[in-house]
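> First the structure, which I've put down as C-alpha cells, then a few questions once you've had a look.
The values are calculated or read from the model by the stated rules, or taken from the named source; none is laboratory data. As the structure is a computational prediction, the values presented were derived from the model and not from experiment. Here the Cβ is made from the backbone with ideal geometry for all residues, glycine too, and neighbour counts use every protein chain on show.
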Amino acid sequence: MKKIALILLVCCVAVACGGKKEVKQVSQESKTATEAFGLAETIKTAFMKNDSATLQMNSTETGFRDITVNRKAFDSVDISLTPRWVEIESSQLMVNIAWKSSWMLSGRRTDERGMAIFVMEGTPLRVSKILRANPFIFHEK
C-alpha cells in the first residue's frame, strides 16, 4: 500500500513539474528594491563597525548627518533591519523598515524598536534622509 501511494505521489509531482517552463524577467522596480534593501544592510553594518568612509560613500551629506548624529554615545550596538515596503516616486525611493536595536552603555543594556523610512536617491542609490524613528539614535533612559 505504501509503495502504491509513493508511486502515485511521484507521478503527480512529475506531471506537475513537467511542461513548459516559463522564465519571467525580473522587473526594474524589483531590481531597484533589492538594491535598496542591500544598501540599508550596508549602512547598518558600517554604523555598527563605526566605518565612516562606507557611511559617507553610501549616503548624501544630510543622510550622513542623520545616521551619525549620535555615534559616540554608546559602547556597542546590535541593530536588525526588516524591510517592509518600498515606494518608488520618480527619482526617490522610500523604504519602510522595521527595526530592533540593543544598545550597551556603561554595562547597561537598552532595547528599542521602531519603524523608519529610509529615503534613497541617485544612481547608485544613496541614503538621503531617515524619517520617523531613526534606528541609529540611542535614547538614554
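> What's the total number of residues in the range 72-101 that are over 17 Å from F138 (Cβ atoms) and in contact (Cβ under 8 Å) with a residue 12 or more places away in the chain?
Residues that pass the stated criteria total 13.
> Another question, then. Can you report the number of residues in the range 103-118 which are surrounded by 14 or more Cβ atoms within 10 Å (Cβ to Cβ) and either touching a residue at least 60 places away in the same chain (Cβ under 8 Å) or not hydrophobic (A, V, I, L, M, F, W, C) (or both)?
Residues flagged as surrounded by 14 or more Cβ atoms within 10 Å (Cβ to Cβ) and either touching a residue at least 60 places away in the same chain (Cβ under 8 Å) or not hydrophobic (A, V, I, L, M, F, W, C) (or both) within the range 103-118 amount to 4.
> Is at least one residue of the range 104-115 of a type in the set (S, T, N, Q) and either more than 17 Å from the chain's Cα centre (by Cα) or over 22 Å from R71 (Cβ atoms) (or both)?
Looking through the range 104-115, at least one residue is of a type in the set (S, T, N, Q) and either more than 17 Å from the chain's Cα centre (by Cα) or over 22 Å from R71 (Cβ atoms) (or both).
> Considering only residues that are in contact (Cβ under 8 Å) with a residue 40 or more places away in the chain, within 11 Å of the chain's Cα centre (by Cα) and surrounded by 15 or more Cβ atoms within 10 Å (Cβ to Cβ), which ones fall in the range 38-48?
Selection gives L39, A40, I43, K44.
> Considering each of D51, D66, D75 in turn, give the residue that is loosely packed, with under 13 Cβ neighbours inside 10 Å, of a type outside the set (K, R) and under 20 Å from P135 (Cα atoms).
D75
> Then there's this: Quick check on A16: is it modelled with pLDDT of 90 or more and either aliphatic (A, V, I, L, M) or more than 18 Å from the chain's Cα centre (by Cα) (or both)?
no
> Across the range 82-102, which residue is nearest to N70 (Cα to Cα) among those that are buried (at least 19 other Cβ atoms within 10 Å of the Cβ) and under 12 Å from the mean Cα position of the chain (by Cα)?
Across the range 82-102, the extreme among qualifying residues is W99.
> Please state which of the following conditions A33 fails to meet, knowing it meets all the rest: (1) more than 13 Å from the chain's Cα centre (by Cα); (2) more than 14 Å from A116 (Cβ to Cβ); (3) not aromatic (F, W, Y).
Only one criterion is unmet by A33, namely (1).
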